[in-house]
Amino acid sequence: MTVPAGEAFVMPTYVRYPVTIVRGDGVTVFDDEGRAYLDFAGALGATPLGHGHPRWLAAVHAQVDALALVSNLYATEPQAALAARLAGVLPILDARVFFSNSGAEANEAAIKLVRRWGLPKRRIKIVALEGSFHGRTVATLAATGQPSKRAAFEPLVDWFVHVPPGDVAAMETAVGDDTTAVMLEPVMGEGGVWPLADDYVQDVRRLTEERGALLLADEVQSGTGRCGDWLAISHAGVVPDVVTLAKGLGGGLPIGATIAPASLAFGPGDHASTFGAGPIPCAAALAVLAVIEEEGLLANARTQGERLRAALTAIGGPVVEVRGRGLLSGIQLSEPIAHDVAMAMLDEGVLVSEAGPDVVRMSPPLIVQAADVDAAVEAFGRALKRAEAMP
Ligand SMILES: *Cc1c(COP(=O)(O)O)cnc(C)c1O
């Protein structure tokens with residue numbers, strides 16, 4: 001592999017794997033030397049249709065030819081169609097959508113939305129979970145329950161209180177008359193792939209209702225079918241007040257969405273985004289939603305996810321536990337060797353990501369088939385042996 005010219009000029013915010021990807025096709029990507037890799041990193045969940053899905057490509061090509069951008073001073077057909085489609089598909093009643101370009105922006109908008117609602121009622125506090133990840137902007141970083149990511153930037157906004165996930169008593173103590181919202185990831189992705197227990201999510205919903213606070217579900221990673229439902233929180237039968245989507249929604253193009261009932265919606269001047277919901281990402285997202293529905297990808301996410309987790313669990317040894325839902329899986333290892341395993345997987349021709357030093361994450365495209373799953377599991381068994389043999 002070669003490092004692309006200019007790489008040294010990129011700020012090194014990511015610890016990169018030593019490979020340069022140049023092309024993709026379905027669940028496979030190719031490096032600059034033509035070597036193929038099974039893409040179980042799946043752009044951290046942002047490529048639900050894999051690479052170059054014909055429906056997605058056709059939609060994007062047609063939209064590039066027709067119109068790229070006019071600003072949000074004008075209505076466009078793809079934006080209106082996507083808002084209506086999301087309102088139809090999500091469980092939120094009388095839903096309205098604010099579009100942006102990323103997960104952090106979707107959460108930033110959601111935080112502004114609940115704050116605007118709460119301030120006149122003197123509700124100023126947002127309760128979030130320890131270990132959560134909500135983004136890297138100033139407010140979403142403050143929401144993120146990982147002190148190591150916040151440390152270099154403190155003090156941040158002081159609106160957030162963090163409680164341990166799964167602890168109902170701690171939540172009962174934290175949610176009071178001054179609480180605007182509880183913010184949670186139904187499956188905590190970056191923090192190590194921890195699905196919240198259904199009864200815990202139900203308890204949080206009940207508590208927020210009793211105490212007059214909102215429930216904000218960050219479904220940036222877990223939503224758009226990733227966990228086998230349009231929203232992962234539906235597994236618990238819970239309907240949140242506000243939902244954010246991003247990663248998978250554009251099928252590879254940047255788009256974020258903040259969805260809330262009309263009673264909470266922003267009005268003129270409250271919020272804005274120059275690129276938000278441009279015609280191209282909206283056309284792409286409409287194709288994503290259509291293909292997920294037409295190709296039965298919610299069911300496929302459930303089936304292949306269960307196949308993957310069952311086979312990985314059977315490996316045993318350093319594999320302590322395999323957590324997840326749908327096609328978002330975290331392999332808990334007994335030692336902090338996730339990076340070594342990911343490097344060995346690269347040698348095996350499979351891309352995976354890490355969700356902490358001892359968790360390997362797999363979030364392949366929702367189109368993945370049983371043969372791909374089996375190949376990735378076999379590679380994982382071999383990679384584990386090699387990583388264990390490393391000094
Ligand atoms: C990735 C992620 C974000 C941030 O999304 P960006 O598009 O990287 O800004 C926020 N919340 C969750 C749960 C995420 O997984």
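The values are calculated or read from the model by the stated rules, or taken from the named source; none is laboratory data. Please read all numbers here as calculations on a predicted model, not as lab measurements. FYI the Cβ positions are ideal-geometry reconstructions off the backbone, even for glycines, and counts take in every protein chain you see.
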Handout entry: Any hit, the stretch 188-206, residues being charged (D, E, K, R) and surrounded by 24 or more Cβ atoms within 10 Å (Cβ to Cβ)
Key = no
Problem - Matching helices (runs of 4 or more DSSP H) fully within the stretch 33-111 where at least 1 residues are within 16 Å of the ligand (Cβ to nearest atom) - result: 42-45
Problem - Tabulated pairs, the stretch 117-138, first without any contact (Cβ under 8 Å) to a residue 60 or more places away in the chain and of a type in the set (Asp, Glu), second within 16 Å of the ligand (Cβ to nearest atom) and assigned to a strand (DSSP E or B), C-beta under 9 angstrom, 6+ apart or interchain - result: Glu130/His162
Practice task
Check whether at least one residue in the stretch 255-269 is part of a loop (DSSP other than H, G, I, E, B), surrounded by 19 or more Cβ atoms within 10 Å (Cβ to Cβ), modelled with pLDDT of 95 or more and within 16 Å of the ligand (Cβ to nearest atom), and report yes or no.
Solution key: yes
Handout entry: Options Gly326, Gly276, Gly296: the member that is within 22 Å of Ala232 (Cα to Cα), surrounded by 21 or more Cβ atoms within 10 Å (Cβ to Cβ) and under 23 Å from the mean Cα position of the chain (by Cα)
Key = Gly326
Fill in the blank from the handout: Of the candidates Ala277, Ala284, Ala272, the one satisfying the condition of being farther than 17 Å from Ala41 by Cα and away from the ligand (no atom under 16 Å from the Cβ) is Ala272
Problem - All strands (runs of 3 or more DSSP E) inside the stretch 139-239 with 2 or more residues being within 12 Å of the ligand (Cβ to nearest atom) and touching a residue at least 12 places away in the same chain (Cβ under 8 Å) - result: 179-184, 214-218
